[in-house]
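Below is one structure, written out as structure tokens, with a few remarks after it.
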Amino acid sequence: MTPISAEDLLAVLEHLETMDPEQELEPLIDRFAEEQPLLAAYLDDWGGEDFNDDEHEVLLFFGVALWHCVEKHSEGPLDEITDDTLERIQEENEELLEKISSEQGEISGLEVRGLLQNHPQFAMLNELFNVIIEEESENIRPKNLGELLLFLKIAADALVEEAAG
């Protein structure tokens with residue numbers, strides 16, 4: 001899979017933001033849930049009761065954006081993410097999750113960059129994180145920001161792995 005640029009991600013986000021919610025966005029979310037049911041369920045469940053409705057909405061919207069972006073830039077259809085893949089990727093990120101959880105979700109810019117270090121889709125994820133931090137900060141409580149970003153990184157890791165075959 002070729003690298004996805006920040007501009008590619010921004011184009012997808014702009015496209016999603018201009019979609020009619022009922023006529024276009026909801027069917028896209030439904031297709032996401034149909035093609036990636038496990039990932040859709042994880043995005044819906046992550047954060048549990050610790051996340052409020054706005055935070056769940058941000059997580060789902062940007063999760064769908066990641067999927068749509070990776071799907072557009074993959075060389076073929078994405079395989080369905082399996083439970084084994086998602087569990088393995090979560091385990092690989094367990095240390096970061098524990099660190100973020102122990103600090104009540106507070107995360108510094110340096111730690112955000114650490115989440116992305118050596119990521120095969122650095123530009124895409126870096127831009128995604130920048131957009132969330134800059135444009136969605138009023139919808140995400142500081143204590144949940146780190147966890148939300150990590151959940152999106154885990155989703156991206158799984159999608160990128162499936163796209164790479």
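A few notes on this one:
- Test for residue 57: is it touching a residue at least 60 places away in the same chain (Cβ under 8 Å) and either out of contact with any Cys (no Cβ under 7 Å at 6 or more places or on another chain) or closer than 24 Å to residue 135 by Cα (or both): yes
- Check on residue 12, under 13 Å from the mean Cα position of the chain (by Cα), at pLDDT 95 or above, surrounded by 14 or more Cβ atoms within 10 Å (Cβ to Cβ) and among the β-branched types (Val, Ile, Thr): no
- Hey, residue 129 surrounded by fewer than 16 Cβ atoms within 10 Å (Cβ to Cβ), at pLDDT 90 or above and within 15 Å of the chain's Cα centre (by Cα) or not: no
- The number of residues in the stretch 1-54 being charged (D, E, K, R) and in contact (Cβ under 8 Å) with a residue 60 or more places away in the chain comes to 3.
- Residues of the stretch 34-67 that are loosely packed, with under 13 Cβ neighbours inside 10 Å, of a type in the set (D, E, K, R) and more than 15 Å from the chain's Cα centre (by Cα): 34, 49, 53.
- Residue pairs meeting the criteria (Cβ under 8 Å; at least 6 apart or on separate chains; first in a loop (DSSP other than H, G, I, E, B), in the stretch 80-100; second surrounded by 17 or more Cβ atoms within 10 Å (Cβ to Cβ) and of a type in the set (Gly, Ala, Ser)): 81/158
- Annotation note: of 116, 110, the sole residue that is in contact with a Phe, Trp or Tyr (Cβ under 8 Å, 6 or more places away or on another chain) and either surrounded by fewer than 19 Cβ atoms within 10 Å (Cβ to Cβ) or at pLDDT below 90 (or both) is 116.
- Residue in the stretch 142-149 that is over 16 Å from the mean Cα position of the chain (by Cα) and modelled with pLDDT under 90 present: yes
The values are calculated or read from the model by the stated rules, or taken from the named source; none is laboratory data. None of the values given here were measured: they were computed from a predicted structure. Glycine gets a Cβ as well: all are built from the backbone with ideal geometry, and neighbour counts include every protein chain shown.
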